[in-house]
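Engineer: Here it is, the structure, as structure tokens.
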Amino acid sequence: MSVQVASTTGKDPQKPARVFNILPVAIAWGVMLAFYVSLRLYQQAFAFKFGLDSTSPDFEIYWKALFKIEVPAIFGIGAVIWAYLWFTRDRRINDISPGTELKRYFTLIGWFLVYTFSFLWVANFFGEGDATWHQTVIRDTALTPSHIVLFYACIPTYIVVGVGTLIYATTRIPAFAKSYSVPLLMVVVGPGLILPNLGYNEWGHAFWFTEETFSHPLHWGFPVLGWTALAIGGVLLQVMRRVSELFKVFTPAASLTAK
Amino acid sequence: MTENDREVLRVAGLSGDTARWSRTFDYLIIVVAAFLVLAVTYINFLLLAGDWDFFTDFKDRQYWVVIYPIVQIMMAAAFQAVFWTLFRLPFGATASAFLFGLGVWLVRYHSWMGMAHFPLTLVVPGTFMVGAMILDGILTVSRAWLVTGLFGGTLFGITFYASNWIVFAPYFQPVENMGQLSSLADVIGYVFPRAGTPEYIRIIERGTLRTFSDSSTWVSVFFSCFICIFMYMLWWLIGAFACKAASVPTGDRFKLLFGMKPAEATK
């Protein structure tokens, strides 16, 4: 899916340019899908085979090793992405043309496509997968095979994308550089706080064996922080208002009067 | 392009190019919205009501009937508010129910059956599709969230158990098991024990509700209706609040990082 821009204003370059390129989004989706499917297959192969006893040598090899690799790897990749976005920021953000601004809004929606896709795997697929594990197996560690995938692979992944979305918006789009968007901050920071909320979760489970009750108050922090994603409605409103104005810039007056 | 198309574009204030970009933008937003609706509906349900829906033998007449609709109407109302406030689209609740249905079947198949090897008959999910469609229907006709909350919330609670009965009635048939009266769902549960859900902590049918001369289901249903009305109103307001496009001006030093002069940035 790509759309060609035929510029109608003097500020834009005359040569046609794409408003939106789906390819980077498709690549990100593909990489994530491959990553998540690989983790699921890894669980299928080794979760019940080597993941039931956290004191066994096999657990150390198959599960703790995965944990030790994935956390620095994901946050390392995230740090590179965040640094790239920051150091390549637009230092003349007020001077960008309407065409460039429009393209950046479309790219921001592309970031949201990747962000919501990555959040989906936590909220839905691996989230209830964790319930499957805990309703079946009594935990003897915080680093269960389901947690190592859900909490320490999937959540860091969407944090990387979410923070990347925030940095992209702030460093490329004038409206987000001039003002902090409260709904955008909520959409990124709220779900991101699920990771530190794990501290409360694991601390509580050290006292109470409550996994059999997934809706125990100990777990309520997760949905409450998930609710903050509703604020994407506010972000979309901010985006749509400006995009509508930009569309008008590219609409010749003649096309509005001709009948 | 027909004369009719040109007139539509003229009224919309768009040229052919911008109309095409606008349509592309719509498609992208639809995908973002679909992912988001599924994710938020699911995480809300999973950790507030999931236990009563994981297993067929947990779908009792006391808690499941009350808790499931109360929790699901939260996001149904919130997404109705988002879709109606931003786009005047009356299908937020139905979208929530439909996408939830897709997600829940995916997980029940892949995780419960695929990884833990429970039979699907033990983990059949409930649905709130009928109640969601009624909510959207009432919003479409009334165009008023208060009316939708009052009548839609009531019907959402009432229709939940009835609309799920078709699926679950076979599992609630009485059978004799080792001289005891059980339901078929219970027997399936006995065959597939869950180490994390010992029998003594099952949160089903506590108290004396069952002594209400065979009316326990109706008592639960009407209690659910009552709470659904207020839950709908609360979550409509939260959904509408989520659509506020508030922003806080950044500081002068922050603006300088992007080459903006403080005075210029306030333009």
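The values are calculated or read from the model by the stated rules, or taken from the named source; none is laboratory data. The structure displayed is predicted, hence computed values, not measured ones. Virtual Cβ from ideal backbone geometry, glycine too; neighbours counted across all protein chains shown. Note: accessible area is taken over every heavy atom of the protein model, side chains too, but ligands, DNA and RNA are not part of it. Shrake-Rupley method; radii C 1.70, N 1.55, O 1.52, S 1.80 Å.
Engineer: Suppose we keep only residues that are open to solvent by less than 10 Å² (accessible area, probe 1.4 Å) and more than 7 Å from chain B (Cβ to nearest Cβ) within the stretch A:237-246. Which one would you say is nearest to residue A:186 (Cα to Cα)?
Structural biologist: Restricting attention to the stretch A:237-246, the residues satisfying the condition of being open to solvent by less than 10 Å² (accessible area, probe 1.4 Å) are A:239, A:243, A:246.
With the extra rule that they be more than 7 Å from chain B (Cβ to nearest Cβ), the set shrinks to A:239, A:246.
Working: A:239: 15, A:246: 26 Å.
Top of the filtered list is A:239.
Engineer: Can I ask one more? Can you name every one of the helices (runs of 4 or more DSSP H) wholly within the stretch A:59-153 that holds 3 or more residues which are more than 9 Å from chain B (Cβ to nearest Cβ), at pLDDT below 95 and over 30 Å from residue B:110 (Cα atoms)? Please lay out each step first, then the result.
Structural biologist: On the way: elements: A:65-87, A:98-120, A:126-136, A:145-149.
Counting at least 3 such residues, we get A:98-120.
Engineer: Say whether the condition of being closer than 17 Å to residue B:239 by Cβ and within 12 Å of chain A (Cβ to nearest Cβ) is met by at least one residue in the stretch B:48-66.
Structural biologist: Within the stretch B:48-66, the subset closer than 17 Å to residue B:239 by Cβ is B:48.
Narrowing further to those that are within 12 Å of chain A (Cβ to nearest Cβ): B:48.
Yes, that holds for at least one residue.
Engineer: Let me ask you something else. With B:20, B:10 as the choices, which residue is open to solvent by 30 Å² or more (accessible area, probe 1.4 Å), assigned to a helix (DSSP H, G or I), facing chain A (nearest Cβ under 7 Å) and over 18 Å from residue A:107 (Cβ atoms)? Break it down into steps so the answer makes sense when it comes.
Structural biologist: On the way: B:20 fails: over 18 Å from residue A:107 (Cβ atoms).
That would be B:10, the only listed residue that is open to solvent by 30 Å² or more (accessible area, probe 1.4 Å), assigned to a helix (DSSP H, G or I), facing chain A (nearest Cβ under 7 Å) and over 18 Å from residue A:107 (Cβ atoms).
Engineer: I want to confirm something. Restricting to the stretch A:139-162 and keeping residues that are of a type in the set (Ser, Thr, Tyr) and farther than 18 Å from residue A:58 by Cβ, which single residue is surrounded by the fewest Cβ atoms within 10 Å (Cβ to Cβ)? Write out each step before concluding.
Structural biologist: Taking the stretch A:139-162 first, the residues of a type in the set (Ser, Thr, Tyr) are A:141, A:144, A:146, A:152, A:157-158.
Checking which are farther than 18 Å from residue A:58 by Cβ leaves us with A:152, A:157-158.
Details: A:152: 20, A:157: 23, A:158: 26.
Selected residue: A:152.
Engineer: Also, I was wondering about something else. Here are A:226, A:234: which of them is in contact with a Pro (Cβ under 6 Å, 6 or more places away or on another chain), modelled with pLDDT of 75 or more and within 7 Å of chain B (Cβ to nearest Cβ)? Talk me through it step by step, then tell me what you get.
Structural biologist: Numbers: A:226 fails: in contact with a Pro (Cβ under 6 Å, 6 or more places away or on another chain).
Exactly one of A:226, A:234 is in contact with a Pro (Cβ under 6 Å, 6 or more places away or on another chain), modelled with pLDDT of 75 or more and within 7 Å of chain B (Cβ to nearest Cβ), namely A:234.
Engineer: Restrict the check to the stretch B:160-180 and report whether at least one residue is more than 14 Å from chain A (Cβ to nearest Cβ), surrounded by fewer than 19 Cβ atoms within 10 Å (Cβ to Cβ), touching a helix residue (DSSP H, G or I) at 6+ places or on another chain (Cβ under 6 Å) and more than 15 Å from residue B:57 (Cβ to Cβ).
Structural biologist: Yes - at least one qualifying residue is present in the stretch B:160-180.
Engineer: Please work out which one of (1) within 14 Å of the chain's Cα centre (by Cα); (2) closer than 30 Å to residue A:241 by Cβ; (3) among the β-branched types (Val, Ile, Thr); (4) open to solvent by less than 10 Å² (accessible area, probe 1.4 Å) is the condition residue B:148 fails and give its number.
Structural biologist: Single failed check for residue B:148: (1).
Engineer: Cβ-Cβ distance below 7 Å, separation of 6 or more or different chains: which pairs start in the stretch A:189-211 with a residue that is closer than 18 Å to residue A:150 by Cα and at pLDDT 90 or above and end on one that is of a type in the set (S, T, N, Q) and assigned to a helix (DSSP H, G or I)?
Structural biologist: A:190/A:228; A:191/A:228
Engineer: Among the listed residues A:213, A:165, A:136, which satisfies the condition of being surrounded by 17 or more Cβ atoms within 10 Å (Cβ to Cβ), among the polar types (S, T, N, Q) and under 25 Å from residue A:29 (Cα atoms)? Let's see the steps before the verdict.
Structural biologist: On the way: A:213 fails: under 25 Å from residue A:29 (Cα atoms); A:136 fails: under 25 Å from residue A:29 (Cα atoms).
Result: A:165 is the single residue among A:213, A:165, A:136 that is surrounded by 17 or more Cβ atoms within 10 Å (Cβ to Cβ), among the polar types (S, T, N, Q) and under 25 Å from residue A:29 (Cα atoms).
Engineer: Does at least one position in the stretch A:13-28 carry a residue that is modelled with pLDDT of 95 or more, open to solvent by 70 Å² or more (accessible area, probe 1.4 Å) and over 23 Å from residue A:235 (Cβ atoms)?
Structural biologist: Yes, the stretch A:13-28 contains at least one residue that is modelled with pLDDT of 95 or more, open to solvent by 70 Å² or more (accessible area, probe 1.4 Å) and over 23 Å from residue A:235 (Cβ atoms).
Every residue, every condition in (1) modelled with pLDDT under 95; (2) within 29 Å of residue B:189 (Cβ to Cβ), yes or no:
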{"site": "B:72", "(1), (2)": "no, yes"}
{"site": "B:78", "(1), (2)": "no, no"}
{"site": "B:95", "(1), (2)": "no, no"}
{"site": "B:117", "(1), (2)": "yes, yes"}
{"site": "B:136", "(1), (2)": "no, no"}
{"site": "B:147", "(1), (2)": "no, no"}
{"site": "B:155", "(1), (2)": "no, no"}
{"site": "B:162", "(1), (2)": "yes, yes"}
{"site": "B:167", "(1), (2)": "yes, yes"}
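Engineer: Return the residues of the stretch B:181-194 that are closer than 17 Å to residue B:113 by Cβ and touching a helix residue (DSSP H, G or I) at 6+ places or on another chain (Cβ under 7 Å); say none if nothing qualifies.
Structural biologist: Taking the stretch B:181-194 first, the residues closer than 17 Å to residue B:113 by Cβ are B:185, B:188-189, B:191-194.
If the condition is that a residue be closer than 17 Å to residue B:113 by Cβ and touching a helix residue (DSSP H, G or I) at 6+ places or on another chain (Cβ under 7 Å), then B:185, B:188, B:189, B:192, B:194 are the ones that fit.
Engineer: Which condition does residue B:41 not pass, out of (1) under 23 Å from the mean Cα position of the chain (by Cα); (2) more than 7 Å from chain A (Cβ to nearest Cβ); (3) surrounded by 16 or more Cβ atoms within 10 Å (Cβ to Cβ); (4) over 30 Å from residue A:130 (Cβ atoms), if it passes all the others?
Structural biologist: Looking at each condition in turn, residue B:41 falls short on (4).
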